[in-house]
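Taking it in order: structure first as structure tokens, then the write-up.
Values quoted throughout were computed directly from the atomic coordinates according to the rules given, and no laboratory measurement underlies them. All values derive from a computational prediction rather than experimental measurement. Using ideal geometry, Cβ is built from the backbone for each residue, glycine included, and neighbour counts are taken over all protein chains shown.
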Ligand code: XBP
């Protein structure tokens, strides 16, 4: 059986529910500070989430909802400046403790370290956001627990392209067959699957109706011993929360499936 060697985590929506109460609010605060009469409601933000990346999302919003602005400002520069300030707002919320980790995340990361597994991050978000979240919500030294943090603009094509996972795999020095990825969106899942990764999805309110075909397991959350997960798709056997033995089993089953599909041994 293929051995499990590393776990690769997405950030936004997977480590923590950062979108609704973090990035969205930070953008709105920034708009107010700039006297822009814009407000991203939770509903509108759900639509905007189809565009991955904060800068790309803001550019998309201006082009589709306020195209007149493109005549008044130099768009690239404007987007860059607003996004820079939004990142500061976002980090202040994380530092103020407003964005908790999702259930099971801290436990699973600590269990993986105890088991000698490698850890990595593959995310669209800005690198500083990842550091702030890990250091404030997991452990002051948590960033150093990860062999590689692949984030934001380090690759040209963002999810659903495979690039960010391929970047993480390259720097992990572990074959994809020995890794499990954790995602919360269909775009993220596609990115991981294109990189040949067995993937566990934990949905959230924004993503629960998306298509997760190809995921090894789809859950409402990773679960804790006293707070079991709900299985939405896939087979978790007798498990009630995600732990290393369950991940090893999934890797065995999915690695086998993948090999049969590709005809390799
Ligand atoms: C989610 C995203 C991110 C955040 C905002 O990516 O699309 O862009 O919404 O972060 P992932 P930035 O699920 O891969 O973490 O504003 O820093 O881009």
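Key figures for this structure:
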{"quantity": "Within a Gaussian network of the chain (alpha carbon springs, distance under 10 Å), most fluctuating of 44, 250, 166", "calculated": "44"}
{"quantity": "Per-selection Rg to Rh, segment 86-131 - Cα, Kirkwood hydrodynamic radius", "calculated": "1.04"}
{"quantity": "Sites residue 96 and residue 194, calculated FRET efficiency, Cβ-Cβ separation with R0 35 Å, nearest 0.05", "calculated": "0.45"}
{"quantity": "Helix 24-33 vs. the chain, principal-axis angle (Cα, 0 to 90°, nearest 10)", "calculated": "20"}
{"quantity": "From the C-alpha gyration tensor of segment 150-191, square roots of 5λ in Å", "calculated": "16, 14, 7"}
{"quantity": "Degrees separating the helix 127-137 axis from the principal Cα axis of the chain, which is the longest one", "calculated": "70"}
{"quantity": "Distance-filtered residues of segment 49-72 - backbone nitrogen under 20 Å, label point 7 angstrom along residue 39 Cα→Cβ", "calculated": "49, 58, 61-62, 65-66"}
{"quantity": "In nm, spacing of pseudo-spin labels at residue 88 and residue 235 (7 Å Cα→C-beta vector)", "calculated": "5.4"}
{"quantity": "Relative frequency of Cα-Cα separations exceeding 32 Å in the chain, percent", "calculated": "22"}
{"quantity": "Three principal axis lengths of segment 19-95 [C-alpha, angstrom, descending]", "calculated": "37, 23, 21"}
{"quantity": "Candidates 228, 245, 100, ranked by Gaussian network fluctuation over the chain, Cα under 10 Å, top entry", "calculated": "245"}
{"quantity": "Among beta bridges that DSSP assigns inside the chain, antiparallel share in %, nearest 5", "calculated": "20"}
{"quantity": "With Cα atoms, 0 to 90° folded angle of helix 54-65 axis to the chain main axis", "calculated": "50"}
{"quantity": "All-pairs Cα distance distribution in segment 134-226, expressed in whole percent, bin size 5 Å", "calculated": "3, 14, 20, 21, 22, 16, 5, 1, 0"}
